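To start, the structure under review is shown below, and the notes come after it.
The values are calculated or read from the model by the stated rules, or taken from the named source; none is laboratory data. Worth saying up front: this structure is predicted, and the values here are computed from it rather than measured. Because the Cβ atoms are built from the backbone with ideal geometry, glycine has one as well, and the counts that use them run over all protein chains shown. Please note that ligands, DNA and RNA were not included when accessible areas were found on the heavy atoms of the full protein model with its side chains. Shrake-Rupley method; radii C 1.70, N 1.55, O 1.52, S 1.80 Å.
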Amino acid sequence: MTLQLTRPDDWHLHLRDGKVLADLIPATARCFARAIIMPNLRPPITSTGQALAYRERILAARPQGLAFEPLMTLYLTDNTTPEEIARARDSGHIYAVKLYPAGATTNADSGVTNLRQRYAVLEALQEQGLPLLVHGEVTDPNVDIFDREQVFIERHLIPLLRDFPALRIVLEHITTGEAVDFIKGAPKNIAATITPHHLLLNRNAMLTGGIQPHHYCLPVLKREKHRQALIAAAISGNPKFFLGTDSAPHAKTAKETACGCAGIYSSHAALELYAEIFEGVGALEKLEAFTSFHGPDFYGLPRNQETVTLLKTPWRVPEKLPFGDQILIPLRAGTTVAWRLAE
Ligand SMILES: NC(=O)N[C@@H](CC(=O)O)C(=O)O
Ligand SMILES: [Zn+2]
Ligand SMILES: [Zn+2]
(Lines give C-alpha, C1' and ligand atoms only; values in the text may rest on other atoms or scores of the structure.)
(Ligands and ions follow the chains in the order given, each with its own letter.)
Protein backbone atom coordinates (compact mmCIF):
# COMPACT_ATOMS: atom_id res chain seq x y z
CA MET A 1 0.00 0.00 0.00
CA THR A 2 1.29 3.48 -0.84
CA LEU A 3 0.03 6.91 -0.06
CA GLN A 4 0.88 9.98 -2.11
CA LEU A 5 0.65 13.38 -0.46
CA THR A 6 1.46 16.94 -1.40
CA ARG A 7 4.82 17.62 0.28
CA PRO A 8 4.07 18.79 3.82
CA ASP A 9 5.58 21.59 5.93
CA ASP A 10 6.38 21.54 9.64
CA TRP A 11 4.77 24.59 11.26
CA HIS A 12 6.61 24.16 14.59
CA LEU A 13 10.22 22.96 14.73
CA HIS A 14 13.24 23.33 17.01
CA LEU A 15 16.48 23.02 15.01
CA ARG A 16 18.76 24.34 17.78
CA ASP A 17 22.13 25.72 16.61
CA GLY A 18 25.82 24.98 16.15
CA LYS A 19 27.19 21.50 15.52
CA VAL A 20 23.84 19.74 15.98
CA LEU A 21 22.28 21.55 12.99
CA ALA A 22 23.96 19.18 10.56
CA ASP A 23 22.62 16.19 12.52
CA LEU A 24 19.07 17.52 12.68
CA ILE A 25 18.31 19.16 9.33
CA PRO A 26 18.35 16.00 7.15
CA ALA A 27 15.46 14.40 9.08
CA THR A 28 13.25 17.41 8.43
CA ALA A 29 14.49 18.20 4.92
CA ARG A 30 13.91 14.64 3.65
CA CYS A 31 10.19 15.18 4.16
CA PHE A 32 9.17 18.78 4.73
CA ALA A 33 9.59 21.59 2.21
CA ARG A 34 9.48 24.34 4.83
CA ALA A 35 9.47 24.66 8.59
CA ILE A 36 8.73 27.39 11.08
CA ILE A 37 11.97 27.61 13.07
CA MET A 38 11.41 28.33 16.72
CA PRO A 39 13.63 31.08 18.16
CA ASN A 40 14.21 29.76 21.71
CA LEU A 41 17.98 29.48 21.43
CA ARG A 42 20.39 30.60 24.11
CA PRO A 43 20.55 33.57 23.69
CA PRO A 44 17.13 33.81 22.02
CA ILE A 45 16.61 35.14 18.49
CA THR A 46 15.18 38.55 19.34
CA SER A 47 16.27 40.70 16.39
CA THR A 48 15.93 40.55 12.63
CA GLY A 49 19.72 40.54 12.33
CA GLN A 50 19.99 37.48 14.57
CA ALA A 51 17.22 35.68 12.69
CA LEU A 52 18.88 36.31 9.33
CA ALA A 53 22.26 35.11 10.63
CA TYR A 54 20.60 31.99 12.11
CA ARG A 55 18.92 31.38 8.76
CA GLU A 56 22.30 31.49 7.02
CA ARG A 57 23.70 28.91 9.47
CA ILE A 58 20.73 26.64 8.76
CA LEU A 59 21.15 27.00 5.00
CA ALA A 60 24.88 26.27 5.33
CA ALA A 61 24.11 23.02 7.20
CA ARG A 62 21.42 21.94 4.72
CA PRO A 63 22.32 18.78 2.79
CA GLN A 64 23.16 19.40 -0.87
CA GLY A 65 20.32 18.86 -3.26
CA LEU A 66 17.56 19.38 -0.71
CA ALA A 67 15.47 22.49 -1.16
CA PHE A 68 14.37 22.83 2.46
CA GLU A 69 13.39 26.40 3.35
CA PRO A 70 13.58 27.64 6.95
CA LEU A 71 10.84 30.13 7.84
CA MET A 72 12.31 32.28 10.60
CA THR A 73 10.62 33.69 13.70
CA LEU A 74 11.41 36.30 16.34
CA TYR A 75 11.26 35.72 20.08
CA LEU A 76 9.06 38.31 21.75
CA THR A 77 10.59 39.82 24.90
CA ASP A 78 9.71 42.70 27.20
CA ASN A 79 12.05 44.82 25.06
CA THR A 80 10.80 44.04 21.54
CA THR A 81 9.92 47.29 19.72
CA PRO A 82 7.34 47.99 16.99
CA GLU A 83 10.28 49.07 14.80
CA GLU A 84 11.80 45.60 15.13
CA ILE A 85 8.52 44.09 13.93
CA ALA A 86 8.58 46.35 10.87
CA ARG A 87 12.21 45.35 10.19
CA ALA A 88 11.28 41.69 10.54
CA ARG A 89 8.46 42.07 8.06
CA ASP A 90 10.65 43.96 5.59
CA SER A 91 13.36 41.28 5.74
CA GLY A 92 11.13 38.90 3.79
CA HIS A 93 12.44 35.92 5.77
CA ILE A 94 10.61 36.28 9.08
CA TYR A 95 7.17 34.73 9.06
CA ALA A 96 5.97 35.04 12.65
CA VAL A 97 6.72 36.19 16.18
CA LYS A 98 6.71 33.76 19.10
CA LEU A 99 5.21 34.50 22.49
CA TYR A 100 6.68 32.56 25.39
CA PRO A 101 5.22 33.55 28.73
CA ALA A 102 8.39 34.07 30.82
CA GLY A 103 9.47 30.74 32.30
CA ALA A 104 6.73 28.66 30.64
CA THR A 105 9.02 26.19 28.82
CA THR A 106 12.55 25.36 27.66
CA ASN A 107 14.57 28.58 27.17
CA ALA A 108 11.62 30.81 27.97
CA ASP A 109 13.26 32.85 30.72
CA SER A 110 13.59 35.85 28.38
CA GLY A 111 9.91 35.65 27.53
CA VAL A 112 7.13 38.12 28.16
CA THR A 113 6.38 38.91 31.81
CA ASN A 114 3.22 40.96 31.22
CA LEU A 115 1.30 40.71 27.97
CA ARG A 116 -0.78 43.80 28.76
CA GLN A 117 2.38 45.89 28.59
CA ARG A 118 3.25 44.58 25.12
CA TYR A 119 0.24 46.06 23.35
CA ALA A 120 2.27 48.46 21.16
CA VAL A 121 4.17 45.50 19.70
CA LEU A 122 1.01 43.43 19.23
CA GLU A 123 -0.50 46.43 17.44
CA ALA A 124 2.51 46.42 15.11
CA LEU A 125 2.10 42.68 14.47
CA GLN A 126 -1.53 43.15 13.63
CA GLU A 127 -0.68 46.00 11.26
CA GLN A 128 2.19 44.18 9.57
CA GLY A 129 0.10 41.03 9.21
CA LEU A 130 2.67 38.82 10.96
CA PRO A 131 1.14 35.94 12.94
CA LEU A 132 1.70 35.61 16.67
CA LEU A 133 2.63 32.05 17.67
CA VAL A 134 1.78 31.27 21.27
CA HIS A 135 3.10 28.84 23.84
CA GLY A 136 -0.23 28.90 25.63
CA GLU A 137 0.40 28.06 29.26
CA VAL A 138 0.22 30.24 32.35
CA THR A 139 3.19 30.14 34.66
CA ASP A 140 1.21 30.95 37.82
CA PRO A 141 2.57 28.44 40.37
CA ASN A 142 -0.90 28.19 41.90
CA VAL A 143 -2.32 26.72 38.69
CA ASP A 144 -2.01 22.94 38.36
CA ILE A 145 0.38 22.05 35.54
CA PHE A 146 -2.33 19.96 33.82
CA ASP A 147 -4.63 23.04 33.75
CA ARG A 148 -2.15 25.63 32.55
CA GLU A 149 -3.26 25.61 28.92
CA GLN A 150 -6.93 25.96 29.72
CA VAL A 151 -6.26 28.80 32.19
CA PHE A 152 -4.04 30.56 29.62
CA ILE A 153 -6.95 30.54 27.17
CA GLU A 154 -9.30 32.08 29.72
CA ARG A 155 -6.91 34.63 31.22
CA HIS A 156 -4.85 35.68 28.22
CA LEU A 157 -6.03 34.39 24.89
CA ILE A 158 -9.65 35.48 25.06
CA PRO A 159 -8.69 39.08 26.03
CA LEU A 160 -6.02 39.07 23.29
CA LEU A 161 -8.58 38.12 20.63
CA ARG A 162 -10.94 40.79 21.85
CA ASP A 163 -8.27 43.52 21.81
CA PHE A 164 -6.64 42.50 18.49
CA PRO A 165 -9.46 41.15 16.36
CA ALA A 166 -7.40 41.14 13.15
CA LEU A 167 -4.25 39.54 14.62
CA ARG A 168 -3.51 36.06 13.26
CA ILE A 169 -2.72 33.74 16.17
CA VAL A 170 -1.53 30.13 16.27
CA LEU A 171 -2.02 28.37 19.58
CA GLU A 172 0.94 26.01 19.38
CA HIS A 173 1.00 22.34 20.34
CA ILE A 174 -2.50 22.15 21.79
CA THR A 175 -3.08 19.39 24.33
CA THR A 176 -6.61 19.61 25.68
CA GLY A 177 -10.24 19.24 24.70
CA GLU A 178 -10.75 22.77 26.01
CA ALA A 179 -8.19 24.11 23.51
CA VAL A 180 -9.87 22.19 20.67
CA ASP A 181 -13.27 23.65 21.59
CA PHE A 182 -11.84 27.12 21.92
CA ILE A 183 -10.15 26.99 18.50
CA LYS A 184 -13.26 25.60 16.81
CA GLY A 185 -15.36 28.42 18.23
CA ALA A 186 -12.83 31.20 17.53
CA PRO A 187 -12.78 33.44 14.44
CA LYS A 188 -10.93 32.18 11.38
CA ASN A 189 -7.74 34.13 12.13
CA ILE A 190 -7.09 31.75 15.06
CA ALA A 191 -5.57 28.31 14.43
CA ALA A 192 -3.64 25.58 16.24
CA THR A 193 -0.84 23.10 15.62
CA ILE A 194 -1.00 19.52 16.88
CA THR A 195 2.10 17.39 17.55
CA PRO A 196 2.50 13.68 16.82
CA HIS A 197 3.32 12.93 20.45
CA HIS A 198 0.15 14.52 21.81
CA LEU A 199 -1.84 12.46 19.29
CA LEU A 200 -0.01 9.24 20.18
CA LEU A 201 0.46 9.41 23.93
CA ASN A 202 -1.44 10.22 27.07
CA ARG A 203 0.12 10.98 30.44
CA ASN A 204 0.36 7.30 31.37
CA ALA A 205 3.21 7.12 28.85
CA MET A 206 5.18 9.50 31.07
CA LEU A 207 4.33 8.12 34.49
CA THR A 208 3.85 4.35 34.33
CA GLY A 209 6.51 1.66 34.60
CA GLY A 210 8.76 4.24 36.25
CA ILE A 211 9.14 7.84 35.16
CA GLN A 212 9.75 8.16 31.39
CA PRO A 213 11.84 11.28 30.82
CA HIS A 214 11.74 10.93 27.02
CA HIS A 215 7.98 11.44 27.16
CA TYR A 216 8.27 14.63 29.18
CA CYS A 217 7.40 17.71 27.14
CA LEU A 218 5.54 20.96 27.56
CA PRO A 219 2.66 21.37 27.54
CA VAL A 220 2.78 18.11 29.49
CA LEU A 221 0.92 15.05 28.16
CA LYS A 222 -2.70 14.95 29.30
CA ARG A 223 -5.48 12.42 30.00
CA GLU A 224 -6.75 10.01 27.35
CA LYS A 225 -9.95 11.99 26.80
CA HIS A 226 -7.84 14.98 25.71
CA ARG A 227 -5.82 12.82 23.31
CA GLN A 228 -9.10 11.65 21.81
CA ALA A 229 -10.26 15.26 21.39
CA LEU A 230 -6.99 16.12 19.60
CA ILE A 231 -7.39 13.18 17.22
CA ALA A 232 -10.95 14.23 16.45
CA ALA A 233 -9.73 17.77 15.68
CA ALA A 234 -6.84 16.59 13.50
CA ILE A 235 -9.04 14.35 11.34
CA SER A 236 -12.00 16.75 11.25
CA GLY A 237 -10.94 18.52 8.07
CA ASN A 238 -11.28 21.83 9.91
CA PRO A 239 -8.63 24.15 8.38
CA LYS A 240 -7.85 25.65 11.79
CA PHE A 241 -5.86 22.54 12.76
CA PHE A 242 -2.56 21.66 11.13
CA LEU A 243 0.73 19.83 11.49
CA GLY A 244 3.44 21.19 13.79
CA THR A 245 5.76 18.55 15.21
CA ASP A 246 7.32 20.60 18.03
CA SER A 247 10.22 18.22 17.51
CA ALA A 248 12.46 19.41 20.35
CA PRO A 249 15.75 17.52 20.64
CA HIS A 250 17.75 17.43 23.85
CA ALA A 251 20.86 15.39 24.64
CA LYS A 252 20.14 12.08 26.37
CA THR A 253 22.10 13.32 29.38
CA ALA A 254 19.90 16.42 29.67
CA LYS A 255 16.74 14.27 29.67
CA GLU A 256 17.93 11.41 31.88
CA THR A 257 18.82 13.43 34.92
CA ALA A 258 17.26 14.97 38.00
CA CYS A 259 15.40 18.04 36.67
CA GLY A 260 15.44 16.71 33.10
CA CYS A 261 14.35 19.15 30.43
CA ALA A 262 11.13 19.21 28.41
CA GLY A 263 11.00 18.23 24.75
CA ILE A 264 10.36 15.21 22.51
CA TYR A 265 12.28 14.59 19.28
CA SER A 266 10.11 13.31 16.41
CA SER A 267 11.51 14.63 13.11
CA HIS A 268 13.00 11.23 12.20
CA ALA A 269 9.49 9.73 11.87
CA ALA A 270 7.08 12.65 12.04
CA LEU A 271 5.01 12.21 8.88
CA GLU A 272 5.07 8.43 9.32
CA LEU A 273 3.66 8.76 12.84
CA TYR A 274 0.90 11.13 11.74
CA ALA A 275 0.00 8.55 9.06
CA GLU A 276 -0.12 5.84 11.72
CA ILE A 277 -2.48 7.92 13.85
CA PHE A 278 -4.81 8.78 10.98
CA GLU A 279 -4.82 5.18 9.74
CA GLY A 280 -5.57 3.95 13.26
CA VAL A 281 -8.88 5.82 13.22
CA GLY A 282 -9.67 5.09 9.58
CA ALA A 283 -9.09 8.66 8.45
CA LEU A 284 -6.14 8.43 6.03
CA GLU A 285 -8.10 10.40 3.46
CA LYS A 286 -7.98 13.39 5.84
CA LEU A 287 -4.21 13.27 6.28
CA GLU A 288 -3.08 15.42 3.34
CA ALA A 289 -5.18 18.46 4.23
CA PHE A 290 -3.84 18.39 7.80
CA THR A 291 -0.19 17.88 6.79
CA SER A 292 0.00 19.91 3.59
CA PHE A 293 -2.91 22.33 3.00
CA HIS A 294 -4.17 23.96 6.19
CA GLY A 295 -0.78 25.30 7.31
CA PRO A 296 0.21 27.17 4.13
CA ASP A 297 -3.38 28.38 3.70
CA PHE A 298 -3.34 29.91 7.19
CA TYR A 299 0.08 31.51 6.70
CA GLY A 300 -0.97 32.83 3.28
CA LEU A 301 1.79 30.89 1.52
CA PRO A 302 1.48 28.72 -1.58
CA ARG A 303 0.88 25.00 -1.09
CA ASN A 304 3.84 22.88 -2.18
CA GLN A 305 3.78 21.56 -5.74
CA GLU A 306 5.75 18.32 -5.32
CA THR A 307 4.52 15.19 -3.64
CA VAL A 308 5.96 12.63 -1.23
CA THR A 309 5.14 8.94 -1.06
CA LEU A 310 4.57 6.90 2.07
CA LEU A 311 5.01 3.14 1.83
CA LYS A 312 3.47 0.60 4.15
CA THR A 313 6.94 -0.77 4.91
CA PRO A 314 7.53 -1.32 8.62
CA TRP A 315 10.92 -0.19 9.93
CA ARG A 316 12.60 -0.05 13.29
CA VAL A 317 13.41 3.33 14.84
CA PRO A 318 17.06 3.47 16.00
CA GLU A 319 17.70 3.29 19.76
CA LYS A 320 19.62 6.57 19.55
CA LEU A 321 20.64 9.25 17.07
CA PRO A 322 23.73 11.49 16.77
CA PHE A 323 23.41 14.94 18.34
CA GLY A 324 26.73 16.80 17.99
CA ASP A 325 29.09 15.37 20.62
CA GLN A 326 26.12 13.75 22.32
CA ILE A 327 23.27 11.42 21.43
CA LEU A 328 19.54 11.87 21.57
CA ILE A 329 16.74 9.37 22.13
CA PRO A 330 14.08 9.66 19.41
CA LEU A 331 10.36 9.18 19.91
CA ARG A 332 9.50 5.46 19.56
CA ALA A 333 13.18 4.46 19.90
CA GLY A 334 13.66 0.75 19.22
CA THR A 335 10.05 0.20 18.15
CA THR A 336 8.45 -0.44 14.78
CA VAL A 337 6.76 2.25 12.70
CA ALA A 338 4.36 1.00 10.04
CA TRP A 339 4.85 3.68 7.39
CA ARG A 340 8.05 4.73 5.70
CA LEU A 341 8.74 7.71 3.48
CA ALA A 342 9.97 6.63 0.03
CA GLU A 343 13.49 7.91 -0.75
N1 LIG B 1 7.95 21.43 23.82
C2 LIG B 1 8.90 21.26 24.69
O3 LIG B 1 8.72 20.49 25.64
N4 LIG B 1 10.10 21.88 24.59
C5 LIG B 1 10.48 22.86 23.61
C6 LIG B 1 9.92 24.21 23.91
C7 LIG B 1 8.45 24.38 23.59
O8 LIG B 1 8.04 24.21 22.44
O9 LIG B 1 7.66 24.68 24.49
C10 LIG B 1 12.00 22.94 23.53
O11 LIG B 1 12.53 23.89 22.97
O12 LIG B 1 12.68 22.01 24.02
ZN1 LIG C 1 6.10 25.58 23.46
ZN1 LIG D 1 8.15 23.98 20.61
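Here are the numbers:
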item: All-pairs alpha carbon distance profile, segment 281-343, 10 Å steps from 0, percent; result: 17, 32, 33, 18, 0
item: Contour minus Cα-Cα distance for E154 and Q212 (0.36 nm per residue); result: 17.8 nm
item: Protection proxy ranking, peptides 233-243, 154-164, 56-66, average beta carbon neighbours within 10 Å, highest first; result: 233-243, 154-164, 56-66
item: Straight-distance crosslink candidates among lysines, where the alpha carbon sits under 24 Å from K312 and sequence neighbours closer than 8 are dropped; result: K286, K320
item: Theoretical ellipticity at 222 nm over the chain - DSSP helices of four or more residues, -39500 (n - 2.57) apiece, nearest 500; result: -8000 deg cm²/dmol
item: For A96, residues with placed amide H under 5 Å, excluding near neighbours; result: L74
item: 3J(HN,Hα) from dihedral phi, segment 239-251, Karplus parametrisation 6.51/-1.76/1.60, rounded to Hz, x for glycine, proline; result: x, 6, 10, 8, 5, x, 6, 6, 4, 9, x, 9, 4
item: Gyration tensor (alpha-carbon) shape descriptor, segment 2-341, a/c threshold 1.5; result: rounded
item: When each of K98/K255; K19/K184; K19/K225; K184/K255 is checked by Cα-Cα distance, pairs over 32 Å; result: K19/K184; K19/K225; K184/K255
item: Computed label-point distance, nm, for sites H93 and K286 using a 7 Å Cα→Cβ extension; result: 3.8 nm
item: Cut-off under 5 Å, modelled amide H: who pairs with G244 long-range; result: W11, I194
item: Sulfur and carbon atoms: percent of accessible area, the chain [1.4 Å]; result: 51 percent
item: Solvent-accessible area of H12 with every protein chain in place, 1.4 Å probe, in Å² to the nearest 10; result: 0 Å²
item: Ranked packing of 31-42, 324-335, most packed first, by mean Cβ within 10 Å; result: 31-42, 324-335
item: Cα centroid of segment 129-172 to Cα centroid of segment 16-30, whole Å; result: 30 Å
item: ³J(HN,Hα), Karplus 6.51/-1.76/1.60, whole Hz, each residue of segment 7-12, x for Gly, Pro; result: 4, x, 10, 9, 8, 6
item: Gained length - R303 relative to E123, 0.36 nm times residue gap less alpha-carbon distance; result: 62.0 nm
item: For the chain, accessible area per residue (1.4 Å probe, heavy atoms of protein chains only), Å²; result: 39 Å²
item: Cα gyration tensor shape of segment 105-187, rounded if a/c is under 1.5, else prolate or oblate by comparing a/b with b/c; result: oblate
item: Two-site label geometry, K320 and K188: point separation in nm, points 7 Å out along Cα→Cβ; result: 5.0 nm
item: Accessible area (Å², 1.4 Å probe, nearest 10) - K222; result: 10 Å²
